[in-house]
Number of protein chains: 2
Amino acid sequence: MARWEPDAAGRLREAAMALYAERGYERTTVAEIADRAGVTARTFFRHFADKREVLFAGSEELERRMVEAVLAAPESAGPMDAVAAGVLASGEFFVDRREHSRRRQAVITATPELREREFIKMASLAAAFTDALRKRGVAPEIASLAAETGVAVFRVAFERWVADPQDADITDIMRATLADLSSLTA
Amino acid sequence: MARWEPDAAGRLREAAMALYAERGYERTTVAEIADRAGVTARTFFRHFADKREVLFAGSEELERRMVEAVLAAPESAGPMDAVAAGVLASGEFFVDRREHSRRRQAVITATPELREREFIKMASLAAAFTDALRKRGVAPEIASLAAETGVAVFRVAFERWVADPQDADITDIMRATLADLSSLTA
DNA sequence: TCGAGTGATGTCATTCAGTGACATCACTCA
DNA sequence: TGAGTGATGTCACTGAATGACATCACTCGA
């Protein structure tokens, strides 16, 4: 018999999601999460930097994929087209995760501390987009503006997808949002 | 003689800025800030919700002014024009505050926790813009997209202003940033 | 097969953020 | 002049987060 049950991090993630959804983020203690996962609070902090981070594991992976798509866009693509490619590439990440995304997003939206953390993840994405665009030869100021705008589109589209009663495809929603941006600034 | 020195909140703000700049946010305790301001830690928390908020007093005022400008834009103005008016209206708020803004921004940029807080302030601004646009009759989805885009412009322009070695006027920089957005999405 | 690591976890003590309850006391005003 | 009022202090407590050290199943080479 193994000394410890495997995948403590996974159990902690699930326990945290369940408790945050059940009784709210603020009224859940790390000790309770750890208990439910069968470990101690000290172990929680060995897997996650803080009480918020447990909901954001995997965001680096998403960011990595989106950045790759920006870099992989055709050379002829302008800055905004490259960013659009990055945004669209996020679609596959959410396949079959709509319900999970909805529950997770409900918890985050209800908790200022978690919203803060989500924003800094978006900022990290914007910085990564900026960097990728510069590598494509885009001027620094233009790169950051295009990146910020692209992230704004991603956020709005994601919100629309989560809220969509028709369960429309996320990629379609992203395309529509990008089109809205074009007509807005026309 | 008054029982207490007046303007405890002001002294706390200054003490916090000084200490955060001197030795960094994380290595400054609330007790130290309170000490320097001549009050107790308990009093600190009566004036500011938490250790981060002390750097963001006044942001509601800025938001209020920007929203007013959105609402005051000519009826003929489109969503993006109205948002642009809001962004430009922030200019006067920063008159004669460039050096203060630079020091403050340096502290914030160096501290993830403070960056998180700054982002949620920007989100609040975006929500307020969205609301204002809806009051102007803009469709909800378009309103939020225009608002997010406007906030992106504000952030980029503010960063440019703080970093500008020429000390250019903030309003000019904002106009230029708005122009960049137009050509980007053309 | 045995013994020296290794690594994930537990235990314990501590610092610090943040909050609730209650006391204090200069100042105000009827 | 005495009953509030309000900003502050004091105290006790919860809970997040971290460092130091112990534990022990498992691995791997001699």
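For chain B, the residue among B:Pro165, B:Ile120, B:Val67 whose Cα projects farthest onto the positive side of the dipole built from Cβ charges is B:Ile120. Taking the protein heavy atoms of region B:1-74 in the context of the full set of protein chains, the accessible area attributed to carbon and sulfur is 52 percent at 1.4 Å.
Using a probe radius of 1.4 Å on heavy atoms only, what accessible surface per residue do you get for region A:58-184? Whole Å² is fine.
45
Membrane-span-like helices of chain B, defined as complete DSSP H segments with a Cα extent of 18 Å or more along the helix axis and a mean Kyte hydropathy of at least -0.5, are identified as B:8-23, B:59-72, B:112-135, B:140-163, B:170-184. For the protein assembly as shown, what does the alpha-carbon gyration tensor say about shape, rounded, prolate or oblate, given a ≥ b ≥ c as the root eigenvalues, a/c under 1.5 as rounded, and a/b over b/c as prolate? Here the protein assembly as shown falls in the oblate category.
Using +1 on the beta carbon of Lys and Arg, -1 on that of Asp and Glu, and nothing else charged, what's the dipole of the protein assembly as shown about the Cα centre, debye to 20?
In total the dipole reaches around 1060 debye.
Placing a label point 7 Å from Cα along the Cα-to-Cβ direction at A:Leu71 gives distances to the equivalent points in the other copies of 4.8 nm, listed shortest first. Under 5 Å between amide hydrogens, built in the peptide plane, is the criterion, and for A:Asp164 it picks out nothing among residues at least 5 positions away or on other chains.
Answer rounded, prolate or oblate for region A:1-155, using the Cα gyration tensor with square roots of eigenvalues a ≥ b ≥ c: rounded when a/c is under 1.5, else prolate when a/b is larger than b/c, else oblate. Prolate, since a/c reaches 1.5 and a/b exceeds b/c.
The helix-based estimate of mean residue ellipticity at 222 nm for chain B, built from -39,500 (n - 2.57) per DSSP H run of four or more residues and divided by its residue count, is -23000 deg cm²/dmol to the nearest 500.
The values are calculated or read from the model by the stated rules, or taken from the named source; none is laboratory data. Since we're looking at a predicted model, the values are computed, not measured. All Cβ positions, even for glycine, are placed from backbone atoms using ideal geometry, and neighbour counts span all protein chains on display. Accessible surface is based on the protein model in full, side chains and every heavy atom, while ligands, DNA and RNA are left aside. Shrake-Rupley method; radii C 1.70, N 1.55, O 1.52, S 1.80 Å.
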